[in-house]
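**Student:** Before I ask anything, here is the structure I am working with.
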C-alpha cells in the first residue's frame, strides 16, 4: 500500500474540524481532518507520489508510509537523477555514500544532498508510473525511497525542500481525464512494527481520553490492502462519480471505468441521499497471473505486480480496456455523506456491506491489544493464502464519537495505526566504525558494512546510535544483546524496519576475529580536535568546539538557510559548503555582506565562479536582500540553538514578541539559569551520596542550598520562571538558550546578524474569543476533557497556556486536587475558575 497519501478537507464524517485544537505533543503543522478511515493500500493510487507525502492516506487509510519498506533495489540507484550534484555527491547517490548512510547517521550536508536525490528519483518514478504507466522501479524500491525521504525530513525538518515529495499528496492528474475536486481530502496512518508499539498505541489513547486500564476500549482490525484508492459518490442512490486520489484534493474522473468493475454497485437502495464510499481497487493474484499471460501472448506490456496492474487498468482512457481487466474492489471507508452510516466503525462497515459493497471478511472487533495482536498473527499466517496483496494490519478505535474526540496529529489520526509485517534480517561483516559530527556537535557512530542485501535493498551502512549501544548497554546501563559489545571485524545481524534505517540487531561471538579490540569511543572531535564530552543524561558525546569546529560551523550555516529558517533561494547546502570552504562565509552575518565583498565591482566576483553567471549571482543577491526582513520565529529557529525547534521558536516569538525583549530577558535570567544548573548538579551529587550511605536523599534541601549559595537576584528569578513557564519550554531548553546567549562567540554572531535584519514581530492571535491573548494555567483533575484537549482548545482560541502560575497569569482553571498552583494563584490574586466555568467561558467560541 505504499502509494496513497492524501490530506482531507476541513471535516470528515465525524464532523472533525480541521482547525480544531490539537495537543502540543503533536507533530508540527495543522492536519486536515480525514475521512472515515480508509483501509486500502496506498500503492496503486493513480498518483504514485501519493505515498511520498508524510501526511498521508485517506481518512485513516491503511496505507502506511512504510509499506513494503524492505524494498528491492539500492536507494542509491539512478544516481544521475540527482541532477546538480557534484561528482562526490553523485557517487554517493550511486550507493557509495549518502544513499547507503542510515538516516540516523546523516550529517545535514549529506541529508540535503540525499533529499535532492530522492526528490528527483521520486518525481521521475511518479511521472513514469502515472503518466506513462511504465514503472521504472519496483514498488518496494519506491516505498523505500518514500520512507527514507520522510525519515530524513523528520530528522532534518529545516532541510525540507520546496519540491519535497512529502509536500505532494500525489502527482498532477493526467490531462487525459477531467478533474474532480474531492469534497473530503485524505490523511495517512502512523506505523507500528512490534507488539510494544501496539501496547503503547492503546496506552496513548487511554491517556488522551482519560480512561483507565480497566475501562473497555474496543478496536477494529482489518488487513492492510495493497491496491489503488477510489472514491465513489452516490446521490439519491445512483453512482454519479468515481475519482482517483489525484493529489489528495483533485483526482481524475474515472466514472466510466469504475462502472465496469463488478464489485461496484451502480445503484444503492436505502442509502443516504449523499454518500461517498471509499475503498481499494485491487487485483487478485490468480487474475494478475492470467492477465500477464494474456499480455505476453499478445506482445503487450507485462505488469510488474498486481498493484501496478490495477492502477494501469483503472486509468485507461478507453473504458473497454478497463472492462477487460479483472479488477476488484473492497469498500472500507466513507467521505462526504448526508447522514452517518453507524455509531461505530464496525457498524459502518456492516452498513456498507448491507448496501451491496464487498467488504473484507477479516475485519473484526478486538477487545484491547491482546486480541488485536492475536488477529495480527492470524492474518499474518494467512497472508500467503489470501489471494491478494496485504502488508500489515490496521487497527482503529471502534467508537466514532471517540475517534472524533481523539482527532488528529499534523499528519495522522490518533485513533488508528498500521501494524506492519516484520523487518528483514541479514548477516554481514562490520568493516569499520566511522564518526560523524552534527550541527549540535553530537558524535554519531556509523557502521560501515560489507554490502549485503536486506529485503531487496543493498545495505552498506547502519546506525550504531551512540557509545552505549556499541558497548552493549542502554541509556540506563542495562544490558542489550545480552551485553555483547560491537567490534570492528564482527559478524553482525542487520535489519531494516519499515523506516528503512538499517540497524545492527545482534553479534555472532563465535565468528569474532581473534584479537578484535573493544571500540574506544573518541573523547576528542575528529573534525577539530576539541574535547568531546558527554553530559549527565545525554546519550550523545558532543564536540565542545562550537563554531571553531568546521563540521558544526558549516552545519549551522546550512540550518540557517534551510527551508524553515531563512529559506534563501539559490543558497542551499551545496553552496554553503563551497562558500565556507573558500572562506567567503563563516557565520550567518557574512551571508548579508556577500554582495559587498563579491558582487559587481569587486575584485573577486561570484559571477565568475564555476557554476555561476551574472544572472544566477544576481538572483542570489536579490534573494538574500529579500530575507533582510524576517519573522522573529524564523530568526530564532535559524540560529540553530540546541533543543530549539520550529515549535519552540514560535512559542518564544509569541511570548516575547521582540528580539531585543527576548535577549534582555534571557540575559536577565542568566544567574537563575546557572543556579538551576547548580541545583541539578547538587541533586545528582546528593543522590549518589545517599546511595553510598544507605539513606534517603535530601533533594529539596540540597537544591535549595545550592541556589541560596549563589544569591540570585529577584529579577533574575522572575525572568527565569517566566522563560521556563512558557508552555513547552522548560528548564532543559531554557538552559540551552541561556548558554547560547552567554557564549561570547555565539552572542557576537547573533548581534552581528541582527544588525543586517529587520525583525518582524509575530501576528497577534486572530481571535475575538474571551481568552484571546490571556495566559491560562490548567491544574488539578479535569473531568470533562483531558488536559491535552483543554490546552489545545485554549491555544486555538488565542490563549497562551503556561505550565506554572506567576504574576503574569490571567486565569487558573482548577479541577479537584489543584494543590500548590491554586494556593499560589490565590496569593497572587489570579482569577480562578473550575472546569464548568471554563467551558461556560469558551462555550460560544
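Read-outs: derived from the displayed coordinates by stated rules, not from any lab. Quantities reported herein were computed from a predicted structural model and do not represent experimental measurements. Because the Cβ atoms are built from the backbone with ideal geometry, glycine has one as well, and the counts that use them run over all protein chains shown.
**Student:** Multiply the residue gap between residue 474 and residue 263 by 0.36 nm, knock off their C-alpha separation, and tell me the result in nm, one decimal place.
**Tutor:** The span from residue 474 to residue 263 would gain 70.7 nm if fully extended.
**Student:** Each label point is 7 Å from the Cα along the Cα-to-Cβ direction; what then is the distance between the points at residue 289 and residue 367, in nm?
**Tutor:** 4.1
**Student:** Shifting gears a bit: Which order do the peptides 143-154, 825-836, 722-733, 396-407 take when ranked by the mean count of other beta-carbon atoms within 10 Å per residue, highest first?
**Tutor:** 143-154, 396-407, 722-733, 825-836
**Student:** Among 367, 389, what is the fewest-to-most ranking by other Cβ atoms within 10 Å?
**Tutor:** Lowest to highest Cβ neighbour count: 367, 389.
**Student:** Let me ask something else. Which order do the peptides 580-591, 644-655, 688-699 take when ranked by the mean count of other beta-carbon atoms within 10 Å per residue, highest first?
**Tutor:** So the peptides 580-591, 644-655, 688-699, ranked by packing, come out 644-655, 580-591, 688-699.
**Student:** Let me ask you something else. In whole angstrom, note down how far apart the Cα centers of segment 294-323 and segment 381-400 are.
**Tutor:** So the separation of the two Cα centres works out to 26 Å.
**Student:** Continuing with the same structure: Once the convex hull of the alpha carbons of segment 635-760 is built, what does its volume come to per residue, in cubic angstrom?
**Tutor:** Dividing the Cα hull volume of segment 635-760 by its residues yields 115 Å³.
**Student:** Residues of segment 220-244 with amide nitrogen under 20 Å from the 7 Å Cα-to-Cβ point of residue 339?
**Tutor:** 233-240
**Student:** Computed FRET efficiency, Cβ-Cβ of residue 689 and residue 183, R0 60 Å: what is it to the nearest 0.05?
**Tutor:** E(calc), rounded to 0.05, equals 0.35.
**Student:** Could you check the simple spin-label distance between residue 154 and residue 700, using points 7 Å along Cα→Cβ, in nm with one decimal?
**Tutor:** Rounded to a tenth, the inter-label distance reads 4.2 nm.
**Student:** Starting from the Cα-Cα distance between residue 755 and residue 124, subtract it from 0.36 nm times their residue separation and give me the gain in nm to one decimal.
**Tutor:** In short, 222.8 nm is gained.
**Student:** Continuing with this model, one more query. Can you compute the FRET efficiency between residue 808 and residue 218 using 1/(1 + (r/R0)^6), with r the Cβ-Cβ distance and R0 = 45 Å? Round to the nearest 0.05.
**Tutor:** With a Förster radius of 45 Å, E is 0.50.
**Student:** Measuring from a point 7 Å past the Cα of residue 610 along Cα-to-C-beta, which residues in segment 563-577 have an amide N at less than 20 Å?
**Tutor:** Correct set: 571-577.
**Student:** What FRET efficiency comes out for residue 508 versus residue 742 if R0 is 45 angstrom and r is the Cβ-Cβ distance? Round to the nearest 0.05.
**Tutor:** Computed FRET efficiency for residue 508 and residue 742 comes out at 0.35.
**Student:** Separation between the residue 206 and residue 194 pseudo-spin-labels, each 7 Å from Cα along Cα→Cβ, expressed in nm?
**Tutor:** Between residue 206 and residue 194, the label points sit 2.1 nm apart.
**Student:** What is segment 635-760's relative contact order, in percent, from Cα pairs under 8 angstrom and six or more apart in sequence?
**Tutor:** Computed over segment 635-760, the figure is 35 percent.
**Student:** Which length gain, in nm to one decimal place, applies between residue 347 and residue 603 when the Cα-Cα distance is subtracted from 0.36 nm times their residue separation?
**Tutor:** 84.6 nm
**Student:** Among 805-813, 195-203, how do they line up by average Cβ neighbours within 10 Å per residue, starting with the highest?
**Tutor:** Result, highest mean first: 805-813, 195-203.
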